[in-house]
Structure formats: C-alpha cells, structure tokens
Amino acid sequence: MSKRKLKDSPMPIGECISQVQTLLRERLCHQQLPQRPEGVDSQHKHLMELLKRTAVHGESNSVLIIGPRGTGKTLLLRCVLAELLAEEDVDKTLLQVHLNGLLQTDDRIALKEITRQLSLENVVGDQVFGSFAENLAFLLEALKKGDRSSSRPVLFILDEFDLFAHHKNQTLLYNLLDVSQSAQTPVAVVGLTCRLDVLELLEKRVKSRFSHRQIHLLPSLSFSQYLQAVQAQLHLPDTTFPDTTFCYDWNASLKALCEDKSVEAVLLRHFNSTKDFRSLHRLLMASLCRVSVNNPTIKPADLLDASRLLSADAMTNVLHGLSILELCLVIAMKHLNDIYDGEPFNLQMVYNEFKRFLQRKSNSLYNFELPVVMKAFEHLQQLEVVRPVDAAAAVAARAQREYQLVRLMLDHSQIMEALQKYPQCPTDVKQWAASAFG
C-alpha cells in the first residue's frame, strides 16, 4: 500500500487521541519559545552594546532588565548572548556566572556557586578568607592572565535580582557592583527582576555603585494575538498528522472553541491576570487531559473546568476536609475577627464564642469538652489556618496553650465559599456563619 493511501486511510479513534496527546503534550511541556522576542529591537540593541563593551573592549558595566513575568526578559538575554558568543574570540574569553535568588539564598551559597561555575575549586582549596570581598577578589585575581587588557571578562547574571537585596548587608551586590566600577577585572552585572521598585530595596552604598542603567520590557501582546497563540498551541499540522479527517475535525472544533463566548470570557480573564505563556500552557494542558475516546475534542466545559481548577483557592480546599467541630471553631474565629476588628485572640476566647452558639441551640450535638476542642484547634494550627502571633515569645513565657495569641489566616469570602461546598453542612452552622456577630 502506498504512503498516500496509508495516510488517507482512517485510524482508530483511540490511536488518533494518543497521537494528539503525545504531540500537544510535548509542545506544551517543552514550551517551545520563539527565536527572539518581538518588538524589543531598541532594548536588544542597548543590551548588545553594553555586553559587547565588556566582552570585547574590557569595559565594566551593570544593568537591570525589568518587566512583568512572561515578557521575555530571559529570552532577550539569551538572544543577545547567542549573537555575542557567535563573534570571533568572544566564546573563548567570556566567562558566565548564572545566579538565581531563589536558589542562592545567602552569600555563602552564592560564593560557592561562583567558585564552581568559574572552575576555581582547586585554586581556592582550603584557604580561609576574612571576608566576602577578599574571597571574591581572590577569585577574580585567579582569572587574570597578566595585565588588565588580557584579563578574561566575567558576566554575572542575577535572576530574581530583588531577592539578593534581602541578603545580610547586601554584601554580594555591594562587592559585585564595586568590582564593576573599579579598574580590576572587566565585569558585567546583569540583573533580571519583575519588581519596578527594585532600586528602592538597595542600600545607599550599593545604589551609589550601580550604573542606574535600566532596560524595561512591557507586554505588547493584544487579546486577539493571545487568542491566535491559543489556536497555534493546540493546532494539529495538516501535512504530518497521520489521519487527515481527524486532523480537519480537530482544527475545525478548535476554531469553534475560540469563538465561543464563554471560552473567550475565561481566556480574557486569564489574559488580564497574566500574559505569561507558561501560565497559558498550564491551562491548555489541564484542558487537554480531559480529551478521551468518549470526548475526542476540547469542549468549552473542559476549558472552564480547567480554569476553575487552576484558580481554586488552596485554603478553601483545606476547609473541605475539616470536621464539623473544626469548622465551628473557624466560624467562631471569624466572628471574633469581626468583633475585635482583626485583633489577635486565643483559644479560650474561641471556646467561649463556641459555647455561646451552643447555648442558643436546643440540642447538644456539638457539645464538646475543652480538651477535645484544644485538639481540634491544634490541628487547625498544623494546617496553618491559624498562626501564633509570636511563637518564640509564648514558648519563652511558658504561656498556657489556651491563652497564646493567634490570628486567623482566612478572610470572610474564603470561609463562606467553603461552607457552600462543604458536603452536608448543617443548616444552623451555615446560619451562624452568615449572621453578623455570632
């Protein structure tokens, strides 16, 4: 049988679904990004000039790339570095150090990572340094091959730059920016952050050593382009997919899906909250998981359920698994929050509020003793529904557990939403929660 006939012959629906799942999951999981971000030519040129001065001419620089998540900060930097390293001799001389504020949480870890990435573990050996500055100076000195002109340029890339500002005394930032201003090894410090107020986090001595060069990236994506991106991510290739009939039906249903008003409303809400394509990929992946032999295409209901699942409040879900006693304690704490305008309270106050509720009832189904209530309260603390105001001070003062001050970590809307979804929740408990002050 010829290849053309094999391609045109219909495949079993199960095999088609399997092919779709494999193809689209690979596309969404690997998050294939464009070669370079669109509409950032001026920013690309500016960053290229700065890094070229360091890599080629030995001039030190520092710059911040600022923009919301998903606007292409990392992609822009990768594109510039790829072009720069393609130039003659730059690839052999330029050293790169990548640090991330989420991983390198203090200066000691950051310094160990710098040493590892510069392959200087053997040079440092068992030497002991008096300060971070001495250690960094030693590392940079070890990279020199003679005079300044022959020193190898070093590019420091600090992802989540704002988190490095929370390190003790901002020692890492101070020393890196100090080196970038001095006539030592040519160093470029590039920070990536999504905080617009990042300069306000810097100490005066750190800020004075920063060049104050900033490259801003703002989302330029329109909602119509966003819808096109959704279609492009879920579109099946006409030429390579084995079953042309299934491929045509899938793409036609996809077009109808994007034109559906309810789907458009969900995507618009998603678009307004974040333009990050990674977040969109998670939404589409959750929708794709609902495709099966009985449901061979993505329906509007699938996308709505996926959106509801991803936007679900974690704390509200925690409340669904509580016992009736624990739920009553949460409602009592809600009333105490209303009465005392958010001031902290203790278990004894919560128990008294709970007893007032019981006194208004004719039966005593919820009449629990204090030790049982205390056990339920401790469980709420373990779930972090309530948190102590100052746990260390309470332990030091050896305060009785029922008198330790705590705060409720839920707001009114979360409690009421959980009550609506709680299976077989007693009517009197719901009415108690809805009442103004218990």
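The values are calculated or read from the model by the stated rules, or taken from the named source; none is laboratory data. These figures come from a predicted structure and were not determined experimentally. Note that each Cβ is placed from the backbone with ideal geometry, even for glycine, and that neighbours are counted across all protein chains shown. Just so you know, the surface numbers come from the protein's heavy atoms only, side chains and all, with ligands and any DNA or RNA stripped out. Shrake-Rupley method; radii C 1.70, N 1.55, O 1.52, S 1.80 Å.
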Check: C-alpha center the range 336-351 vs C-alpha center the range 72-120, spacing in Å is 51 Å
Among I215, L173, Q225, the residue whose Cα sits farthest towards the positive end of the charge dipole of the range 151-292 (+1 at Cβ of Lys and Arg, -1 at Cβ of Asp and Glu, taken about the Cα centre) is L173
Ranked output for segments 229-236, 427-434 by mean other Cβ atoms within 10 Å, highest leading, reads 229-236, 427-434
With the charge dipole of the chain built from beta-carbon charges (+1 for Lys and Arg, -1 for Asp and Glu) about the Cα centre, the Cα from L408, A256, I114 projecting farthest to the positive end belongs to A256
Given a Förster distance of 30 Å, the FRET efficiency implied by the Cβ-Cβ spacing of T427 and Y403, rounded to the nearest 0.05, works out to 0.35
Taking L102, L358 and ranking on accessible area (1.4 Å, protein atoms only), highest first, one gets L102, L358
Here the membrane-span-like helices of the chain, with no claim about any membrane, defined by DSSP H, Cα axial extent at least 20 Å and mean Kyte-Doolittle at least 1.0, are 324-339
Burial-style ranking of 168-179, 36-47, average other-beta-carbon count within 10 Å with highest first, yields 168-179, 36-47
In cubic angstrom per residue, the convex hull of the range 278-359 built on its Cα atoms measures 158 Å³
Residues meeting the amide H criterion for H216 (H placed from the backbone, H to H distance under 5 Å, 5 or more places apart or on another chain) are I66
The distance between the Cα centres of the range 266-285 and the range 407-438, in whole Å, is 31 Å
Partner aspartates and glutamates whose C-alpha sits under 13 Å from that of K52, ignoring same-chain residues fewer than 8 away, are E83, E87, E88, D89, D91
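Only Lys, Arg, Asp and Glu count, each charged at its Cβ (+1, +1, -1, -1), so figure out the dipole size of the chain about its Cα centre, rounded to 20 debye.
So the magnitude is around 320 debye.
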Between L196 and S224, the two model label points (7 Å from Cα along the beta-carbon direction) sit apart by a distance in nm of 2.7 nm
Computed over the chain, the Cα gyration tensor eigenvalues, each multiplied by 5 and square-rooted, give semi-axes in Å (largest first) of 49, 40, 18
Interchain or sequence-distant (5+) residues whose placed amide H lies within less than 5 Å of the amide H of S211 are S62
Most packed first (mean Cβ within 10 Å per residue), the peptides 93-99, 185-191 order as 185-191, 93-99
Among the Cα-Cα pairs of the range 164-306, the proportion with separation greater than 17 Å, in percent, is 70 percent
